[in-house]
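What follows is one structure encoded as structure tokens, with my remarks underneath.
The values are calculated or read from the model by the stated rules, or taken from the named source; none is laboratory data. Just so it is clear, the model here is predicted, and its values are computed rather than measured. Cβ sites come from the backbone with ideal geometry, for glycine too, and all protein chains shown count toward neighbours.
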């Protein structure tokens, strides 16, 4: 997440960043994993899939705290999961929309990791 934070800090004056919190990737009631590989706390994921906005807000707040997220975060409402349905941002994606809300860039992960080099080059080209 530190690379993403660096991009945010470098371009936030020019680009309106939003982190959209969608479905819980490793919900213990759907896809339990005992690994803490991606957890900054080094503890296994301990959340069930969220079903209400309050549940998702609670999990998102923990995520923001644990990963020290600086980017403004919005919540995809769990009752609808509209962003998830429209953009299929699984497991992780970065989208750039222009001022008219048209999709102009989509970063794809490589083996569940997001490579930010291409995104960095793209952001530099549109600055």
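Test each condition in (1) in a loop (DSSP other than H, G, I, E, B); (2) over 23 Å from residue 116 (Cβ atoms) for residue 13 and report the one that comes out false.
(2)
Could you count how many residues in the stretch 5-18 are modelled with pLDDT under 90 and under 15 Å from residue 63 (Cα atoms)?
Final tally of qualifying residues: 1.
Since residue 69 meets every condition but one in (1) modelled with pLDDT under 85; (2) surrounded by 11 or more Cβ atoms within 10 Å (Cβ to Cβ); (3) part of a loop (DSSP other than H, G, I, E, B), which condition does it not meet?
Only one criterion in (1) modelled with pLDDT under 85; (2) surrounded by 11 or more Cβ atoms within 10 Å (Cβ to Cβ); (3) part of a loop (DSSP other than H, G, I, E, B) is unmet by residue 69, namely (1).
Among what's in the stretch 72-84 and is assigned to a loop (DSSP other than H, G, I, E, B) and within 12 Å of the chain's Cα centre (by Cα), pick the residue that is surrounded by the fewest Cβ atoms within 10 Å (Cβ to Cβ). Before you say what the answer is, go through the steps one by one.
Keep residues of the stretch 72-84 that are assigned to a loop (DSSP other than H, G, I, E, B), which gives 72, 76-81.
Subsequent filtering for residues that are within 12 Å of the chain's Cα centre (by Cα) retains 72, 76.
Details: 72: 12, 76: 22.
Filtering first and then ranking leaves 72.
Consider residue 101 against the criteria (1) part of a loop (DSSP other than H, G, I, E, B); (2) in contact with a helix residue (DSSP H, G or I) (Cβ under 8 Å, 6 or more places away or on another chain): it satisfies all of them except one. Which criterion is unmet?
For residue 101, the failing item is (2).
Can you tell me which residue in the stretch 85-108 is modelled with the lowest pLDDT, limited to those that are over 11 Å from the mean Cα position of the chain (by Cα) and surrounded by 14 or more Cβ atoms within 10 Å (Cβ to Cβ)? Step through it out loud before you land on a result.
We begin by selecting, within the stretch 85-108, every residue over 11 Å from the mean Cα position of the chain (by Cα); these are 85-88, 96-108.
Adding the requirement that they be surrounded by 14 or more Cβ atoms within 10 Å (Cβ to Cβ) leaves 87, 96, 105, 107.
On the way: 87: 86, 96: 87, 105: 87, 107: 81.
The selected residue is 107.
Before we move on, is residue 21 modelled with pLDDT under 90 and touching a helix residue (DSSP H, G or I) at 6+ places or on another chain (Cβ under 6 Å)? Outline the logic, then answer.
Working: modelled with pLDDT under 90: no; touching a helix residue (DSSP H, G or I) at 6+ places or on another chain (Cβ under 6 Å): yes.
So residue 21 fails the test.
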